[in-house]
Structures are given as C-alpha cells and as structure tokens.
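Asks: First, the structure itself, so that you have it in front of you.
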Number of protein chains: 4
Amino acid sequence: MLDKGNNDFRERIETSFAHQGAMALIGAELTRIQKGTVEIELSYDQKLTQQHGFLHAGIIAAVLDSACTYAAYTMIEPEASILTIEFKVNLMSPGKGDRFLFRGEITKPGSNIIVADGRAYSIGDGPAKLIASMTGTKMVLRGREELAG
Amino acid sequence: MLDKGNNDFRERIETSFAHQGAMALIGAELTRIQKGTVEIELSYDQKLTQQHGFLHAGIIAAVLDSACTYAAYTMIEPEASILTIEFKVNLMSPGKGDRFLFRGEITKPGSNIIVADGRAYSIGDGPAKLIASMTGTKMVLRGREELAG
Amino acid sequence: MLDKGNNDFRERIETSFAHQGAMALIGAELTRIQKGTVEIELSYDQKLTQQHGFLHAGIIAAVLDSACTYAAYTMIEPEASILTIEFKVNLMSPGKGDRFLFRGEITKPGSNIIVADGRAYSIGDGPAKLIASMTGTKMVLRGREELAG
Amino acid sequence: MLDKGNNDFRERIETSFAHQGAMALIGAELTRIQKGTVEIELSYDQKLTQQHGFLHAGIIAAVLDSACTYAAYTMIEPEASILTIEFKVNLMSPGKGDRFLFRGEITKPGSNIIVADGRAYSIGDGPAKLIASMTGTKMVLRGREELAG
C-alpha cells in the first residue's frame, strides 16, 4: 500500500544506507522501511564486541542512530536531509545472542526538529529480549545540497 | 611518575582494550592512560562514515564510550569491573578531518556509580575542533568474575 | 483487582508523595497507581512558567521524575527505596494548556537498576497533546533506612 | 568591563528571569551574568524537597535549565530567543545543604543550535560539592515575536 511518496523515501533511504560505510563495515542490513518506522538487523560477530564479548555499546548506538535517522527520513520532503543533534542510550541487558533487531520510530514529527525513539532487541529462538533504548533528536536540513542523501 | 597502582590499571586497561573487537575493527588506538583520564585516537576511514561521508555518530559514541569506560577503570580496585548503564552524546560539528581524539574523564567517582564525561575532537594541522561530547553513567561490578577485564 | 502487594505499594507511594515538598508546592496530584505505571496531574498556574508563560521545562521534568520514580516503587520490595541516577527530557511542544498529565512507566525492571519512561501531555477539551518525554535511570537502595520512603 | 553588547544581554536576561514564575516560586536568584556563563543561587527550603528531604531532582533540573538557557541568551542577537529542545541531568550527590549554586556555560555556540553544560553545587562553609550536571540543547528562534524575551 505504498504510495508514490513512500516509494520515494524507500529508494532514497536504501541508497543512503548503502553509502554508510559504518553500516557496511559491521554487516548491518536494512530490513524494514515504512512511514515512521525503520528496522535494521545485525548478526553477532566477535569483531563487534566490547571487552566482555558482548555487542559493544557503541555499535548498538550506531545502529540505533541509523534506524532513528532513517525513520526521520520517512517524514521529510525529498530535498531535505537529516542531521542527528544528540541521542541518549540506555543499555538494559548485555548484548548477547546471535542476531539483533534495531527499530527506530518517530515520536514527534516536526518541520525543523524530529524526535525519534529506538529499541534494540536480541532475537533468537525465544521471545525478543530488549537490550537497549535510544531517544534521539534530529534536525531537518534544507538547502544544503552537499549534505543531501 | 606512575606508581604501582597506576601500573596495575594501565596494564589491565591495555589488555581489556585489546579484547574489544569493536575498537580493533575501526582501528582505534589507546594513546593515554592516567588516573581519571583515558584518551583514544582514530584515523579517518571511509569505512567509518555515515551517509554524508563524515564519521558516523555511532562510531563517535563507540570510541567515547570506550574512553569513558576505561577512565572509570582507573578508579576501581583490580577485581572489579565496569558496565555502562547509559550515555548521552551531543554531536556538535560534522566528524570530518584526518584524525580524531577522544578523551574520557571522571566527573564523579563512586563505589557503585561513576559518572564520566567525554569529548571528541577533530585534530589536524590547526587547533583541535570539538565535534562531540558524552556524559555516561557506569556501574561498578564486583564478584562477577565472568565479566572481569 | 489490586492484590495485597499492590495495596502495599499504593499506600507507601501515597505517603511518600505527600512528603515531597516540591509536588505540594506546585500543586501536583497523584491520580493513578498501578504496577508499573504511575500518573500525576497538574493544573496550569502562572507560578509554574518560564519566560514565555509556558510551563517551565524544569517543572515538567520534576513531575515526570516523580511519576517515573513512583512507577519504580511499584516494582520493589517494601524495605527498599529508589534513587534517581539520571534522566533525559525532550521538550516537544510548548507547555500550554489548562491541565497536564504525566505518566511514568517501567521499561526495564531490575534488582539494582530500573529504567522508566515518562510522557507528559497537555490535556483539555481535545485530544491529549504530547509535550515532553523522559527516560530515567533509577537505582534500588537497600539497607539505608534513612532514605526509606 | 562590560561592553555595550554585554549590557544589552544583561538587562534582557534580568527582565526575562523576572518573568519566570517558576524561578520566583522557588526563590531562585540570578547572581552572575557574563558572556557564556550564567549563575543562579537557591536556598534550601523544605518546600523544594523530594521524599527524603533533599532538593527534588526536578528543582535541580529547573534551575540548571534556566542557567543554561540564559547562558545561551548571552550568545544571541537581541531579537532572537532561546528554546530548550532537550536536556539530560545526572544526579551525583543528594541535594542537601543550606545553599546551592547552579552554573550554566556554553560548550558550543551556534547560529541555530547551542549546547550548554551546567553544574549544580551545594555551597556552604566547606568546599563546594558537585551534586548534579546537565547537558542541554537549545534552539535559537528568530522572527517569532510572541516568544521574544
């Protein structure tokens, strides 16, 4: 039930995601894009760990930030761009498991400032386990072509 | 002028840092350890970018979190361990430049909770440019040998 | 459908709330207590404003913090106590209106650390309008009688 | 050594502060204004407490937010206004003591977004004791006369 506008942001987000060197480096995959919500998944890899062998808090933050940023991209006109001003992350359970899901959702749309909330889950055989949450503040940029994308 | 205690935490931090798969993956180097302060440096690499080619906010968060965590390790007894409960990051300037410095410093030591503040700078030929700040809350863990290190 | 345990926390929270000088000063009322969720309401008063005549961000934070703290009290044993370690507030719309609702909910229970999320709404004739959100980190204190309550 | 510009913001801040019902309600006093730094002081009062008789975290947040906001006012042109987008507060020590000092300082000026850091201290006979810190993000508003001040 995607309308033209939706297809616009979908293609744009996929292209932009493909330009994020960091997401490629860690093996993150864009798995869901819909208006107001973006999901990214990641498989566990020892290369992504902190000193105890769990997913590094910064890696969790990186993927949550990407999910929240792209959720914000679903709310803006095609010429505009999104910049993360700040975010806060709560780490609730150790990042252990085989695979992780990161969901970014828009809490407050706006023409200049967008607030997004993200949740990170360890997903496996059993029920998903919440491992972290993020609240992030995004600024909508216009007329800065060099940042478009 | 390192005393025995300092050498203890220095060696411990170096060993722990070497176990952080994420820091190795991105090429981060531990460049300074002293009581209450830890610095990590990182060179720009296209693999570490967001969609505009700047250092990804999550990579900035990852290194700041490591710097703050290891600053906390300088404040605890050798048997204890540090867990990040939460952090907040403000992104102030685009992460552009050839090389970056991340400094974590202890704002409030404590037997259970430690608060650390971090600053990230783009460093190059000119004066260092502040690109981001972090405030992070750490919990001191004791008697959980599996997390030691 | 409150069981005995629930009644225990209800009475305890009401007594504790009555000891919060700050909540009395601003005229806040405890309007809902159930396991994992606490609501507080507040009427607009010019004494509670910032320089533009809207509800002061700090007043919003104060009530959200109380709502989140008491939500945490519903999760702990009667002898324990709750201490706020930190919180983050996003101000999304001006605090204007006649009456406001602040809801605190537990996102992650825990024996030592509890994470709560709060939402503040302007409520009136029309639909409730989200004006702010909070994420707060709480520590469970035990064996510190002077802090009980 | 105040120049004309400084006097401009000084008078403006004093007038604005006088319009903050919340600051009057709690008895806060503006004690220092200089470019990039604003200080507010507050005396202990049982009316400002949480359930343990210490200064309520929300009151601490309210005064820190005002100090940070007015520090931002020292950085903008007289026609512009400041709006708090979000803040994070870490509570480090119980808010006990007779008198408290709240300092807001500009960490990152900007034409659209300003980042300020605040520190709250219990001040008395001995050395000042750090009780809380804030990082806040401010937006510069222009052309919205209704918000000027």
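The values are calculated or read from the model by the stated rules, or taken from the named source; none is laboratory data. Note that the coordinates shown come from a computational prediction; the quantities given were computed from them, not determined experimentally. Here the Cβ is made from the backbone with ideal geometry for all residues, glycine too, and neighbour counts use every protein chain on show. Ligands, DNA and RNA are excluded from the accessible area calculation, which covers all protein heavy atoms including side chains. Shrake-Rupley method; radii C 1.70, N 1.55, O 1.52, S 1.80 Å.
Asks: Relative to the Cα centre, what is the charge dipole magnitude of the protein assembly as shown, using +1 at the beta carbon of each Lys and Arg, -1 at the beta carbon of each Asp and Glu, and rounding to the nearest 20 debye?
Replies: Roughly 0 debye, rounded to the nearest 20.
Asks: From the residues B:V140, B:T74, B:G53, which one has its Cα farthest along the dipole of chain B in the positive direction, the dipole being from +1 and -1 charges on Cβ of Lys/Arg and Asp/Glu about the Cα centre?
Replies: Working it through, the farthest residue towards the positive pole turns out to be B:G53.
Asks: So, one more: Please compute the Kirkwood hydrodynamic radius of the protein assembly as shown from all pairs of different C-alpha atoms, in Å with one decimal.
Replies: 24.3
Asks: Continuing with this model, one more query. If you put +1 on each Lys and Arg Cβ and -1 on each Asp and Glu Cβ, how big is the dipole of segment A:24-77 around its Cα centre, in Debye rounded to 20?
Replies: The calculation lands at about 40 debye.
Asks: Over segment B:71-149, how many percent of alpha carbon pairs lie in each 10 Å bin up to the one with the longest distance?
Replies: Once binned at 10 Å, the Cα pair distances of segment B:71-149 give 19, 40, 25, 15, 2.
Asks: A further question on this structure: Compute the helix-to-body angle for B:4-18: its Cα long axis versus the longest principal axis of chain B, expressed 0 to 90° and rounded to tens.
Replies: Long axis of B:4-18 versus the principal axis of chain B: about 50 degrees.
Asks: While we're here: Taking amide hydrogens as modeled 1.01 Å from N in the peptide plane, which residues meet the under 5 Å criterion relative to C:T107, leaving out close sequence neighbours?
Replies: Result for C:T107 returns C:V115, C:A116, C:D117.
Asks: Here is a further query. Under unit Cβ charges (Lys, Arg +1; Asp, Glu -1), what dipole magnitude, rounded to 20 debye, does chain B have relative to its Cα centre?
Replies: Values: 16 positive and 18 negative charges, 75 e Å.
With only Lys, Arg, Asp and Glu charged at Cβ, the dipole is about 360 debye.
Asks: Give me the distance in nm between label points sitting 7 Å out from Cα along the Cα-to-Cβ direction at A:I123 and A:T37, one decimal.
Replies: 1.1
Asks: Which pairs in the list A:K138/B:K88; B:K35/C:K88; A:K88/D:K129; C:K35/C:K108 are over 21 Å apart, alpha-carbon to alpha-carbon?
Replies: Working: A:K138/B:K88 14 Å; B:K35/C:K88 29 Å; A:K88/D:K129 26 Å; C:K35/C:K108 13 Å.
Pairs exceeding the cut-off: B:K35/C:K88; A:K88/D:K129.
Asks: Across peptide A:96-108, how many C-beta atoms of other chains are within 10 Å of each residue C-beta, on average?
Replies: Across the residues of A:96-108, the mean count of other-chain Cβ atoms within 10 Å is 1.
Asks: Nearest 0.05, what FRET efficiency do A:T15 and D:R142 give at R0 = 22 Å with Cβ-Cβ as r?
Replies: Calculated value: 0.05.
Asks: Right, here's the next one. What is the percent carbon and sulfur in the accessible area of the protein assembly as shown, measuring with a 1.4 Å probe over the protein chains and ignoring ligands?
Replies: 49
Asks: For peptide B:77-87, what's the mean number of Cβ atoms from other chains within 10 Å of each residue's Cβ?
Replies: 5
Asks: Please give the helix D:57-73 orientation as an angle from the longest Cα principal axis of chain D, in degrees from 0 to 90, rounded to the nearest 10.
Replies: 30
Asks: If you plug each phi of segment B:126-135 into the Karplus form 6.51 cos²θ - 1.76 cosθ + 1.60 with θ = phi - 60°, what whole-Hz ³J(HN,Hα) values come out, in order, with x for Gly and Pro?
Replies: Taking θ as phi minus 60°, the curve returns x, x, 4, 10, 5, 10, 6, 10, 9, 10 Hz for segment B:126-135.
Asks: Further, regarding this structure: What are the nm distances, shortest first, from C:R99 to its equivalents in the other copies, labels at 7 Å along Cα→Cβ?
Replies: In ascending order, 4.2, 4.8, 6.3 nm.
Asks: Just to check I understand the Karplus step: with θ = phi - 60° and J = 6.51 cos²θ - 1.76 cosθ + 1.60, what whole-Hz values come out for segment B:116-125, glycine and proline as x?
Replies: 10, 10, x, 9, 10, 10, 8, 10, x, 6
Asks: Taking amide H positions as placed in the peptide plane 1.01 Å from N, state which residues far from B:G36 in sequence (5 or more) or on other chains have amide H under 5 Å from it.
Replies: Counting only residues 5 or more places away or on other chains, the set is B:T74.
Asks: Take every Cα-Cα pair in segment B:19-145 and report what % of them are more than 25 Å apart.
Replies: Working: 1718 of 8001 pairs.
More than 25 Å apart: 21 percent of the Cα pairs in segment B:19-145.
Asks: Taking each residue of C:20-30 in turn, how many C-beta atoms of other protein chains fall within 10 Å of its C-beta, and what is the average?
Replies: Working: counts 9, 11, 14, 5, 3, 9, 7, 0, 1, 0, 0.
Across C:20-30, the average partner-chain Cβ count within 10 Å equals 5.
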